[in-house]
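One structure is given below, encoded as structure tokens.
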Amino acid sequence: MNRGEAIFQRFRIEGSVMDELCADCRKQKFWTPCTWCKKPLCEACSRFELLAEGCGTVVPAYFCATCVVDPFCNPNAIFWQMKETDA
Ligand SMILES: [Zn+2]
Ligand SMILES: [Zn+2]
């Protein structure tokens, strides 16, 4: 490993430590990134969604609280808007 690679590796390790907390609650550990804005989320803050893609295919997606109710990010946002207002 040359010097440049060593520095890069250190940077990556420090970067991952910084990203370990959920960006929404800042308490729980990073679990998955938001599918849309890529911010780190913990298991409690991530909203699981199945998105229809093509004919009959669904892809699993995880959204943050902001993106899940935004129709631009999530095609099913309207259901979440009803659900989140209910709670
Ligand atoms: Zn969280
Ligand atoms: Zn998001």
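The values are calculated or read from the model by the stated rules, or taken from the named source; none is laboratory data. Given the structure is predicted, the values throughout are model-derived calculations rather than measurements. Don't worry about glycine lacking a Cβ; one is built from the backbone with ideal geometry, like all the others, and counts go over all protein chains shown. What goes into the accessible areas is simple: the full protein's heavy atoms, side chains included, and nothing from ligands, DNA or RNA. Shrake-Rupley method; radii C 1.70, N 1.55, O 1.52, S 1.80 Å.
Whenever a residue of the range 36-58 is on the phi > 0 side of the Ramachandran plot and without any contact (Cβ under 8 Å) to a residue 24 or more places away in the chain, it has no partner that is part of a loop (DSSP other than H, G, I, E, B) and away from ligand 2 (no atom under 16 Å from the Cβ) lying with C-beta atoms less than 8 angstrom away and at least six residues away or across chains. Within the range 16-59, the set of residues being within 18 Å of Phe79 (Cα to Cα), within 11 Å of ligand 1 (Cβ to nearest atom) and open to solvent by 60 Å² or more (accessible area, probe 1.4 Å) is empty.
Inside the range 66-87, residues that are touching a helix residue (DSSP H, G or I) at 6+ places or on another chain (Cβ under 8 Å) and closer than 18 Å to Leu21 by Cβ make up a count of 0. Every test in (1) surrounded by 14 or more Cβ atoms within 10 Å (Cβ to Cβ); (2) more than 13 Å from ligand 2 (Cβ to nearest atom); (3) not in a strand (DSSP E or B) is passed by Pro71 save one, and that test is (1).
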